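Working notes for the structure below.
The values are calculated or read from the model by the stated rules, or taken from the named source; none is laboratory data. The shown structure was predicted, so the numbers you read here are calculated from the model rather than taken from an experiment. Because the Cβ atoms are built from the backbone with ideal geometry, glycine has one as well, and the counts that use them run over all protein chains shown.
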């Protein structure tokens with residue numbers, strides 16, 4: 001019995017000491033984030049620490065502006081690029097490379113910014129100063145080059161001076177590259193190094209590439225991501241990745257039919273090194289070129305994206321199902337393919353099908369008869385004199401298609417609003433919608449077909465129709 005009491009008497013104070021020690025440790029636990037800002041003048045009410053989120057910088061910490069201001073919290077912040085701002089002015093960038101090195105000071109003086117205990121951020125400031133100075137010098141050389149090219153001097157002297165300016169420019173750019181390499185060697189695993197790689201210009205192309213615009217576009221697209229570090233997810237917390245991914249999506253749109261083979265697949269393959277990077281890249285491209293309402297909508301590229309992503313083994317079942325549905329929507333009636341056939345009825349009650357209507361060219365126009373946009377497009381088509389002439393000369397036929405179920409609506413349209421220069425039809429058996437023959441989630445929708453019903457252009461605009469007819 002005495003032994004049990006002895007143990008109880010010993011254990012109780014030990015447990016009490018342990019509890020008190022843990023409690024004390026919890027109260028005095030040091031902050032993982034502590035950014036001190038020292039300013040010789042503070043004219044604003046507040047200082048803000050901003051992080052990159054949803055394609056923009058947003059405030060996530062706000063403190064009252066003093067000569068000595070402190071941002072701090074128990075948990076570290078996510079590595080990435082941050083901004084220190086006042087109510088209206090960006091004061092400095094802040095690079096956060098990891099969760100360990102998040103305690104430093106920022107010294108704000110009238111004409112300068114510096115960091116204590118953050119060599120990476122001081123290197124970033126020095127690099128930007130170096131870059132600004134080089135840009136200024138390059139602008140001077142560019143002006144001198146322009147003045148020399150138009151100067152009234154002998155061709156020999158002109159060439160010699162222009163060659164000399166080219167050498168100077170190339171030397172300055174080489175110095176910048178050496179400077180960047182030195183930073184990369186000094187900070188091998190830091191965010192600054194990944195940022196430098198991500199913003200590196202593509203290598204200078206061979207001279208013959210400059211002589212051909214198509215080759216130049218293809219070269220730029222082939223090498224755009226040569227040194228981009230897809231594996232570094234910290235870049236996704238900066239505008240660099242977003243801007244670069246979006247810029248490339250626009251390039252894909254502009255490249256059109258001269259897009260290098262399998263390029264989309266190759267870039268998506270590279271992005272698979274990081275699941276987060278892959279998803280971010282894909283989502284940005286989808287917003288820019290995979291959205292039918294986007295001005296950069298590019299169906300062929302989006303189809304290639306969808307085919308790639310449904311094979312990606314890290315997609316969940318819901319995502320895979322959605323992207324397969326998207327693929328089924330768009331991978332039909334593509335440019336160069338034969339249009340899907342369907343039954344129609346004519347105003348005189350003749351039942352036939354699309355392939356039975358012959359024409360050198362056919363403009364196939366899907367519409368809802370009371371859709372305001374459809375009515376407006378019909379009006380614009382009627383105002384195209386070259387289209388009216390081509391119809392009169394038998395060069396083209398315009399077939400309007402009402403594809404919903406209401407027969408009375410179509411009959412009213414034929415009687416009151418239809419353009420009788422066109423062949424106005426109704427898909428009376430509703431097979432377009434029932435079988436999903438066309439994606440008509442957005443109307444009006446027009447196809448330009450050749451005499452064999454092969455698609456020349458899909459979702460063609462009124463302006464594109466005008467351009468086609470001008471060349472006809």
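Okay, residues lined up against (1) modelled with pLDDT under 95; (2) surrounded by fewer than 16 Cβ atoms within 10 Å (Cβ to Cβ); (3) assigned by TED's automatic domain parsing to the domain that holds residue 356:
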| position | (1), (2), (3) |
| --- | --- |
| 387 | no, no, yes |
| 391 | no, no, yes |
| 398 | no, no, yes |
| 406 | yes, yes, yes |
| 410 | yes, no, yes |
| 425 | no, no, yes |
| 436 | yes, yes, yes |
| 439 | yes, no, yes |
| 447 | no, no, yes |
> When the stretch 247-260 is examined, which residues are found to be within 11 Å of the chain's Cα centre (by Cα) and either crowded, with 19+ Cβ neighbours inside 10 Å or not assigned by TED's automatic domain parsing to the domain that holds residue 289 (or both)?
Replying inline: 248, 249, 252
> Which residues, counting only those in the stretch 173-230, are in the same structural domain as residue 246 (by TED's automatic domain parsing), more than 28 Å from the chain's Cα centre (by Cα) and part of a helix (DSSP H, G or I)?
Replying inline: 207, 208, 211
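Every residue, every condition in (1) surrounded by fewer than 20 Cβ atoms within 10 Å (Cβ to Cβ); (2) closer than 26 Å to residue 457 by Cα; (3) at pLDDT 95 or above, yes or no:
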| site | (1), (2), (3) |
| --- | --- |
| 207 | yes, no, no |
| 224 | yes, no, yes |
| 262 | yes, yes, no |
| 267 | no, no, yes |
| 294 | yes, yes, no |
| 300 | yes, yes, no |
| 307 | yes, yes, yes |
> Does residue 60 count as touching a residue at least 60 places away in the same chain (Cβ under 8 Å) and part of a strand (DSSP E or B)?
Replying inline: no
> Of these, 184, 154, 164, which one is farther than 29 Å from residue 227 by Cβ and surrounded by 11 or more Cβ atoms within 10 Å (Cβ to Cβ)?
Replying inline: 164
>> Looking only at the stretch 35-57, filter to residues that are surrounded by 13 or more Cβ atoms within 10 Å (Cβ to Cβ) and outside any strand (DSSP E or B); which one of those is modelled with the lowest pLDDT?
In response: 42
> In the stretch 231-244, what residues are free of Cβ contacts under 8 Å to residues at least 60 places away in the same chain and not in a helix (DSSP H, G or I)?
Replying inline: 231, 232
> Do we have residue 340 as out of contact with any helix residue (DSSP H, G or I) (no Cβ under 8 Å at 6 or more places or on another chain) and either surrounded by 19 or more Cβ atoms within 10 Å (Cβ to Cβ) or in contact (Cβ under 8 Å) with a residue 24 or more places away in the chain (or both) here?
Replying inline: yes
>> Condition first: touching a residue at least 40 places away in the same chain (Cβ under 8 Å) and part of a loop (DSSP other than H, G, I, E, B). Now tell me which residues in the stretch 400-417 satisfy that.
In response: 417
>> Just checking, does the stretch 372-381 include any residue being part of a loop (DSSP other than H, G, I, E, B) and either touching a residue at least 12 places away in the same chain (Cβ under 8 Å) or assigned by TED's automatic domain parsing to the domain that holds residue 356 (or both)?
In response: no
> Looking at (1) assigned to a loop (DSSP other than H, G, I, E, B); (2) in contact (Cβ under 8 Å) with a residue 40 or more places away in the chain; (3) touching a strand residue (DSSP E or B) at 6+ places or on another chain (Cβ under 8 Å), which is the one condition that is false for residue 421?
Replying inline: (2)
>> Condition first: within 26 Å of residue 109 (Cβ to Cβ) and outside any strand (DSSP E or B). Now tell me which residues in the stretch 63-79 satisfy that.
In response: 65, 66, 67, 77
>> Please verify whether residue 93 is surrounded by 15 or more Cβ atoms within 10 Å (Cβ to Cβ) and touching a strand residue (DSSP E or B) at 6+ places or on another chain (Cβ under 9 Å), treating the condition exactly as stated.
In response: yes
>> Given the criterion over 23 Å from residue 199 (Cα atoms) and in contact (Cβ under 8 Å) with a residue 12 or more places away in the chain, identify the matching residue among 156, 186, 144.
In response: 144
> residue 360: surrounded by fewer than 17 Cβ atoms within 10 Å (Cβ to Cβ) and free of Cβ contacts under 8 Å to residues at least 24 places away in the same chain, yes or no?
Replying inline: no
>> If a residue must be within 39 Å of the chain's Cα centre (by Cα) and closer than 22 Å to residue 426 by Cβ, how many such residues does the stretch 355-396 contain?
In response: 21
> Which of the residues belonging to the stretch 301-327 are touching a helix residue (DSSP H, G or I) at 6+ places or on another chain (Cβ under 9 Å) and within 16 Å of residue 267 (Cα to Cα)?
Replying inline: 301, 302, 303, 304, 305, 306, 307, 308, 309, 310, 312
